[in-house]
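Please read the structure below before turning to the comments.
Just so it is clear, none of the values below were taken in a lab; they were calculated from the coordinates. Keep in mind the model is a prediction, meaning the values are calculated, not measured. Cβ: placed from backbone, ideal geometry, glycine included. Neighbour counts: every protein chain shown.
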Amino acid sequence: MIVSNPKQKITAVIPIRRGSQRVKDKNLRPFGDTCLMELKIRTLMQVPEIDEIIVNTNSEDAIRIVNECYAVGGVKTYRREEYYASSECSGSEFFRNLGEVTDTDVFMYCPCTSPFVKPETISQCIRAYAERGENDCVSTVSQIKEFLWLDGKPLNYDPSNAPNSQDLPDMVALNFGVTVIGRQDLINNRNIIGKNPRFVVTSDIEAIDIDTPLDFYIAEQIYRKTVIEKLELLE
């Protein structure tokens, strides 16, 4: 195990809410030759530093699939209380509850909606957390080179002296591909991101986050091209 304290337990948690709103059942609906939940489980099972994988969900279908197909591999489920899967629950309440119900030292937040995060990138984040120094969490981010405006005002450039896009300030956006944080920090902060985060920049493909039907469609086409067709060529 690659953590400062060899006794620390690393748990990867896959959060799944039944139904989902913008993309109906996006975590369990067909995605190429699989579904987003199973793809995420198989990815995490390739990360040697992880001690435990838990699917935190209020979906009976998700629990059934895990118990039938992945329990033998040690994957567990936690049946989420309905309140923490409802729109009444705030993000802060949700994150705090995730920490409170997960018996671990190091918590990894691994949503299904980032299907292309590689096992190697997850291992990199775990190593970065072990070497974090003053940082209290590690999270994946995407680089942004865009001309940003807010409330009618530019955020990151002077329109009267506009730079080339490559010369814009180095800004990043959280993409939540994976986040590593101490369980107690998660509970105390009520957020998966700590007070002093360390960032790992991902590739554009790894940064893809499925949030809309168009996102799902594009991601599935990429998956078919990069995974399914490659496997077919090997057969």
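Per-structure values
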item: Magnitude of the charge dipole, the chain, Cβ model with Lys/Arg +1 and Asp/Glu -1, debye to 20; result: 320
item: DSSP-defined antiparallel bridges as percent of all bridges, the chain, nearest 5; result: 40
item: Cα-centre dipole for the range 82-200 with unit charges at Cβ (Lys and Arg positive, Asp and Glu negative), debye to 20; result: 180
item: Links that overshoot a 21 Å alpha carbon limit, given the list Lys153/Lys195; Lys26/Lys145; Lys118/Lys225; Lys24/Lys145; Lys9/Lys76; result: Lys153/Lys195; Lys26/Lys145; Lys24/Lys145
item: Whole-Å semi-axes of the ellipsoid equivalent to the range 94-187 (Cα gyration tensor, √5λ, descending); result: 33, 15, 13
item: Efficiency of FRET from Cβ geometry, Arg79 and Leu168, R₀ 45 Å, rounded to 0.05; result: 0.45
item: Which label in [x] 35; [y] 41; [z] 22 gives the computed percent of Cα pairs over 28 Å apart; result: [x]
item: Sparsely packed GluC sites (Glu not before Pro) within the range 118-149, loop by DSSP, other Cβ within 10 Å at most 14; result: Glu131, Glu134, Glu146
